[in-house]
Amino acid sequence: MTATTDQAAALRIASGRKAFVEPLRLGERLKEIRLANHWTLDDVSQRTGLARSTLSKIENDQISPTFSAVQKLITGLGIDLPQLLSPPKTQQRTLGRRDLTRVGEGQLHPTPTYEHELLSWQLAQKRMIPFKTIVRARHFEEFNEWVRHDGEEFLIVLDGEILLYTEFYEPLRLERGDSIYFDSDMGHALISVSDEDAVVLSVCTRGDVV
């Protein structure tokens, strides 16, 4: 049985059916796993019982591992077969972007309950949305409906104190310096409970690029 046939057999064992299989990049994937765990080739050799030279040849696609070698890899490295056979992650080039927002130069978005100042607003195609908010609302009844949006949100109180209402929890009081991370598709709302309007910094993440 050839090494390629061994790998196909391994895939059939993992999936339970015979299917079209794209060419495996197993050597590249093995190196990715090794480096992610800060292992040397000698470390992997000790864990798996495979010779260092054999591992080097596998990583450099000079040989294809036999089914027996694949079994030693997944056992020694403490991973399962799908993890080993997953395509390597695509390396994304750092663009080196930056977007400076001076004090008072954010993009203002006032609402009846909040006064948002969108930060880094000139930077397109970003996955984080940072904004500073002055919390004007003093009573939960000032909101016609829950605030909700896709993704997750990190919030930290910069000044004052707030009461955070969420759809599935009791209201939570947060003071200056307190922070919280929550799913923002869960209904939520903030009210200020300090003498002055509270100020918070929020960073939202979304699965889509904005």
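Some points to look at:
- Per atom type, region 31-149 shows carbon and sulfur on 49% of its accessible surface, probed at 1.4 Å.
- In order along region 160-166, the Karplus-derived 3J(HN,Hα) couplings, from 6.51 cos²θ - 1.76 cosθ + 1.60 at θ = phi - 60°, round to x, 9, 10, 10, 9, 9, 10 Hz, and Gly and Pro are given as x.
- Built amide H within the under 5 Å cut-off of W121, gap 5+: Q107
- Here r is the Cβ-Cβ distance between D195 and Y169 and R0 is 35 Å; the resulting FRET efficiency, rounded to 0.05, is 0.85.
- Accessible solvent surface per residue of region 80-210, calculated while the other protein chains remain in place, 1.4 angstrom probe, Å²: 66
- Rounded to the nearest 20, the Cβ-based charge dipole of region 64-182 about its Cα centre (Lys and Arg +1, Asp and Glu -1) stands at 900 debye.
- In a fully extended conformation the segment linking I79 and N144 would gain 18.4 nm over its present Cα-Cα distance, using 0.36 nm per residue.
- Long-range HN-HN contacts of Y114 with modeled amide H, under 5 Å: R136
- Rounded to whole numbers, the Karplus 3J(HN,Hα) couplings from phi for region 170-178 are 5, x, 10, 8, 10, 9, 3, x, 6 Hz, using 6.51 cos²θ - 1.76 cosθ + 1.60 with θ = phi - 60°, and x at Gly and Pro.
The values are calculated or read from the model by the stated rules, or taken from the named source; none is laboratory data. What you are looking at is a predicted structure, and each value in this text was computed from that prediction instead of being measured. Backbone-built Cβ (ideal geometry, glycine too); neighbour counts: all protein chains shown. We work out accessible area using only protein heavy atoms, side chains counted, and drop any ligands, DNA or RNA first. Shrake-Rupley method; radii C 1.70, N 1.55, O 1.52, S 1.80 Å.
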